[in-house]
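I have a structure here, written as structure tokens, and I will follow up with some questions on it.
The values are calculated or read from the model by the stated rules, or taken from the named source; none is laboratory data. Since we're looking at a predicted model, the values are computed, not measured. With ideal geometry, Cβ positions are generated from the backbone for all residues, glycine too; neighbour counts draw on all protein chains shown. Just so you know, the surface numbers come from the protein's heavy atoms only, side chains and all, with ligands and any DNA or RNA stripped out. Shrake-Rupley method; radii C 1.70, N 1.55, O 1.52, S 1.80 Å.
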Amino acid sequence: EMFSAMALAPGGEVLLAGAKGVFVVVDDILVPSPLNAKLGEVAITDMLLAKDSERPWLWLATTNGIFRWSEGLLEKVMVSGFSTESARLAWGPPVRHGPGVWVVAGGDFYALDSTTSGWRAWEGFRECSPLDVGVNSENGVWLQCQKSLRYRKADGSWHEVLMDSPVVALYTHPQSRSSWLVTEDNRIWHAHDDQLWPVELELPTGGMAV
């Protein structure tokens, strides 16, 4: 089983998800989640845990759209005018009324804002073909595109990050100021405080790196 996403459940359990649904890690054993019966036969492309009005919600991006689950309630997030299938998700930087969910799906990139009438999508960026999105603790947004890398600062301004080789993987966390990038030439880059530099790996001789 290949997993595409990992998250913590509201109760603190470790969740893994992929093509065959959601699994809970119990005593180092993978147990199918009861959520699978509610979601149906869908693949999970991403997950995240976030609080909305002090209530923890587990967000799930699937091949059948975006869902969120809390305290036994599963909701499908209805979005008008944008794709929701096989999405990538990131939580954090404010949109209009508070922290939002930033989404890449089907060539679209947008932010979801919770309103009294439901979810509203705000277009994020149209100058590249988005592949993945991540956020950091500085309310910055990383956008991985097919041929470029963009960064949105907390003030809402976008900047293009010039790289010699395309980014193929993006690793961020909303509680960390650091972000990590992997480029097509197999190099690792560390982003911190609006600076980006390569990570030079030195493997010890006579041993094995783990």
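Assuming a ≥ b ≥ c are the square roots of the Cα gyration tensor eigenvalues, decide whether segment 135-183 counts as rounded (a/c under 1.5), prolate (otherwise, with a/b larger than b/c) or oblate.
Working: a/c = 2.61, a/b = 1.34, b/c = 1.95.
Oblate, since a/c reaches 1.5 and b/c is not below a/b.
Moving on to the next point. Any idea how far apart Glu71 and Val25 come out in nm if each label point goes 7 Å out from Cα toward Cβ?
The answer from the label model is 2.8 nm.
Using a 1.4 Å probe on the protein chains only, how many percent of the accessible area of segment 61-125 belongs to carbon and sulfur? Don't jump to the answer; show the numbers that get you there.
Details: 1370 of 2940 Å².
Accessible surface attributable to carbon and sulfur in segment 61-125 totals 47 percent.
Let me ask something else about it. For the chain, modelled as a Gaussian network with Cα springs under 10 Å, which listed residue fluctuates most, Arg187, Arg177, Arg68?
Checking each option, the largest mean-square fluctuation is seen for Arg187.
Tell me, what is the per residue accessible area of segment 1-148 in Å², probe radius 1.4 Å? List each step's numbers first, then the result.
On the way: 7430 Å² over 148 residues.
Dividing the accessible area of segment 1-148 by its residue count gives 50 Å².
Could I ask something else about it? Go through Ser176, Leu30, Gly118 and say which Cα lies farthest out towards the positive end of the charge dipole of the chain; charges sit on Cβ, +1 for Lys and Arg, -1 for Asp and Glu.
Gly118
Express the relative contact order of the chain as a whole percentage, based on alpha carbon pairs under 8 Å and six or more residues apart in sequence. Spell out each step's value before the answer.
Working: 479 pairs, mean separation 18.9, N = 210.
Answer for the chain is 9 percent.
Can you sort Met163, Met78 by 1.4 Å-probe accessible area, starting with the largest? Don't jump to the answer; show the numbers that get you there.
Details: Met163 50, Met78 130 Å².
Of Met163, Met78, the descending order of accessible area is Met78, Met163.
Okay, next question. Sequence gap at least 6, Cα distance under 8 Å: using those rules, report the relative contact order of segment 1-47 to the nearest whole percent.
Values: 86 pairs, mean separation 17.4, N = 47.
Reported as a whole number, the value is 37 percent.
Straight-line reach from Lys38: which lysines fall under 18 Å, measuring Cα to Cα and dropping same-chain residues less than 8 apart?
Within reach: Lys20, Lys76.
Per q in 0.12, 0.29 1/Å, what log10 I(q)/I(0) does a Debye calculation on the alpha-carbon atoms of segment 24-91 return?
Debye output, listed in q order: -0.33, -1.40.
Rounded, prolate or oblate: which fits segment 84-138, taking a ≥ b ≥ c as square roots of the Cα gyration tensor eigenvalues, rounded meaning a/c under 1.5, else prolate when a/b beats b/c?
Numbers: a/c = 1.84, a/b = 1.31, b/c = 1.40.
Verdict is oblate for segment 84-138.
In debye, nearest 20: dipole of the chain around its Cα centre with unit charges on the Cβ of K, R (+) and D, E (-)?
Around 580 debye, computed over the chain.
Subtract the Cα-Cα distance of Leu201 and Ser80 from 0.36 nm times their separation in residues, and report this length gain in nm to one decimal.
Details: separation 121, 0.36 × 121 = 43.56 nm, distance 4.56 nm.
Full extension of this stretch gives 39.0 nm more.
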